[in-house]
Structures are given as C-alpha cells and as structure tokens.
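Everything below concerns the one structure shown next.
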Amino acid sequence: MDFDQAISTLNRLLTDDPATFNSSWVLRNAPQCYRFIQKNIRTDTGRIDWDKVTFALAWKFQRRWTPTRKPNSRSPYEDSSEVNAVLDRYQDKLYVFLAPSDRNDRLIRNIISISLVRLAQYGNLSAKQEAMKLVRYAIDDWIERYRFMSRWEGYDEKIQKCLEGCIRRYRYSGSFLNYVFRTLQYAGRGLRPLYVCSLHEPIAADSERCKIENVYKDAETNEVRMHKGANHTALGFCNF
C-alpha cells in the first residue's frame with residue numbers, strides 16, 4: 001500500500017456518510033490504512049501526521065474529521081527544537097507569508113502554519129509565538145490590500161487575541177490562513193475605523209482653539225474621547 005491507495009480507500013469508505021470520523025474510526029474500518037499511516041506518515045516531530053492525511057481527502061470529508069482528544073491537554077512548555085524541525089525544511093520558503101506567488105507557495109504556507117499551530121495546540125509556547133509572528137505578516141498584507149480588512153488598522157491587541165483564538169480553535173485540515181482571514185473578516189464588521197489626527201490642529205479653520213482642548217477620558221469605558229459639538233468622538237491615532 002502507498003499513500004494514494006490509502007487515501008483512495010478512505011474516500012471510498014467515507015462515502016457511507018459517517019457524521020464524523022477520527023483515528024479510531026480509521027483503525028476500526030481501515031486497519032491496513034491505519035498501519036500504513038502509523039508507520040509512514042509522520043510529522044517532523046514524530047507524531048502521526050493526520051493533517052496530511054485529511055488534507056488529501058475529498059473536500060466534503062475534511063470537515064468531518066474530529067480529533068480523538070484535545071491536543072492542548074498537556075501543560076504548556078517551550079521547545080524551540082520542535083519549531084526548528086518545522087522551519088529548517090522551509091528556510092528558503094518563509095517569504096510565502098509575505099508574498100506567495102502561486103498555488104504551490106500557498107500550499108507550503110499552509111503546511112508550515114498548520115504544523116506550527118498543531119505544536120502550539122500541544123502546548124509548545126515557542127511554536128505559538130512563531131505561528132503568530134509569521135501569520136501576522138499575512139494579516140498586515142490583508143489590511144493593506146483589502147478595504148474591508150483596513151478597519152483592523154490600529155487594533156493590534158484585538159488582532160492578537162483573535163489570532164490566539166484561531167490557533168486554539170483550529171480543528172479541520174483546510175487552510176489555516178483562510179480560517180484566520182474569514183474570522184477577521186466577520187469579526188471586523190463591528191469595528192469602528194480609527195483615524196489619524198493631530199491634536200494640535202485647530203478645531204475649525206476659523207478657530208484658534210486646538211483639538212486637544214476638547215479631549216477628555218470617558219469614566220465608564222476608559223476611552224480617550226473628544227467633544228465635537230454635541231457629539232463625542234473616540235480618538236484613534238493622534239499625535240500629541
């Protein structure tokens with residue numbers, strides 16, 4: 001048996017429409033496939049690479065994958081050697097997080113990001129930090145390229161929390177970058193765009209008063225706001 005035969009067998013068996021499946025289901029229903037995968041399909045850190053398996057399945061079956069246990073059940077730890085085992089293979093390909101040029105680059109980006117995310121879910125804080133650093137390059141590019149993403153400009157803390165949530169929740173073996181993109185797209189709908197301004201500018205063209213004279217701190221929200229006639233405006237980026 002080879003990898004293509006194992007995937008073909010699993011695709012055929014999954015047409016019986018189980019609502020979900022996991023490694024135990026594979027062991028029960030396709031023991032020969034399981035033994036092949038257990039022996040030959042391994043990550044750089046030695047674990048069975050179920051992401052490679054599920055990613056190769058027909059798209060309609062990928063979302064049915066349910067891990068048998070939560071990967072982050074162990075205590076947090078730091079291990080840069082696990083991170084290096086992933087990155088060393090793709091040292092000359094890390095540009096894919098900045099400017100992927102074709103489908104192969106996007107595939108490599110998925111492989112790297114998913115590998116780091118799985119290590120982070122197992123508790124490796126070094127992998128989580130590296131995943132957040134690399135994926136943030138892609139996020140910054142989206143903010144510049146897409147108008148509906150530009151509202152995230154200046155919300156660095158919210159972006160970090162959203163990305164941490166994506167790493168924690170990511171389950172099936174689709175594109176992790178697509179998952180982050182859609183999450184930011186939907187979560188960003190309620191964000192108010194932040195605007196650049198200087199508080200030393202005059203309130204109006206014919207006024208000698210500066211905007212800084214109208215600044216106050218909202219006692220309920222702790223937001224720094226600015227009176228604007230009868231309205232109150234939350235400040236974005238301001239040069240003091």
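The values are calculated or read from the model by the stated rules, or taken from the named source; none is laboratory data. What you see is a predicted model; the values in this text were computed from it and never measured. Don't worry about glycine lacking a Cβ; one is built from the backbone with ideal geometry, like all the others, and counts go over all protein chains shown. These accessible areas exclude ligands, DNA and RNA; they are computed on the full protein's heavy atoms, side chains included. Shrake-Rupley method; radii C 1.70, N 1.55, O 1.52, S 1.80 Å.
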In Å², rounded to a whole number, the accessible area per residue of the range 66-193 with probe 1.4 Å is 56 Å²
Summing +1 for each Lys or Arg and -1 for each Asp or Glu, what net charge is found among the other residues whose Cβ lies under 13 Å from the Cβ of Glu130? 0
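Length gain on complete extension for the stretch Gln185 to Asn40, per 0.36 nm per residue less the alpha carbon to alpha carbon distance?
Details: separation 145, 0.36 × 145 = 52.20 nm, distance 3.80 nm.
So the chain would gain 48.4 nm between Gln185 and Asn40.
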In whole Hz, the Karplus estimates of ³J(HN,Hα) for the range 21-29 (6.51, -1.76, 1.60; θ = phi - 60°; x where Gly or Pro) are 8, 8, 5, 5, 5, 4, 4, 6, 9
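Below 14 angstrom from the Cβ of Phe21, what's the summed charge of the other residues (Lys, Arg +1; Asp, Glu -1)? Could you put the intermediate results ahead of the total?
Values: positive: Arg12, Arg28, Lys60, Arg63, Arg64, Arg171; negative: Asp16, Asp17.
So the surrounding residues net to +4.
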With a 1.4 angstrom probe the carbon and sulfur portion of accessible area for the range 15-56, in percent, totals 44 percent
Non-local amide H neighbours of Phe21 (under 5 Å, H modeled in plane, Pro and chain starts lacking H): which ones? Trp65, Thr66
For the range 1-119, with equal point scatterers placed on the C-alpha atoms only and solvent neglected, what are the log10 I(q)/I(0) values from the Debye formula at q = 0.09, 0.13 1/Å, to two decimals? -0.29, -0.61
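What does the highest-first list of 28-39, 91-102, 119-130, 44-55 look like by mean Cβ count within 10 Å?
Ranking, from highest mean packing down: 119-130, 44-55, 28-39, 91-102.
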For the range 31-47, Karplus-derived ³J(HN,Hα) couplings (6.51, -1.76, 1.60; θ = phi - 60°; whole Hz; x for glycine and proline) come out as x, 5, 4, 4, 5, 5, 5, 4, 7, 10, 9, 10, 6, 5, 9, x, 7
Considering amide H positions built from the backbone, and no H for Pro or chain starts, which residues 5 or more places from Asn124, or on another chain, come under 5 Å of its amide H? Tyr77
Rounded percent of accessible protein surface that carbon and sulfur make up, the range 63-154, 1.4 Å probe: 46 percent
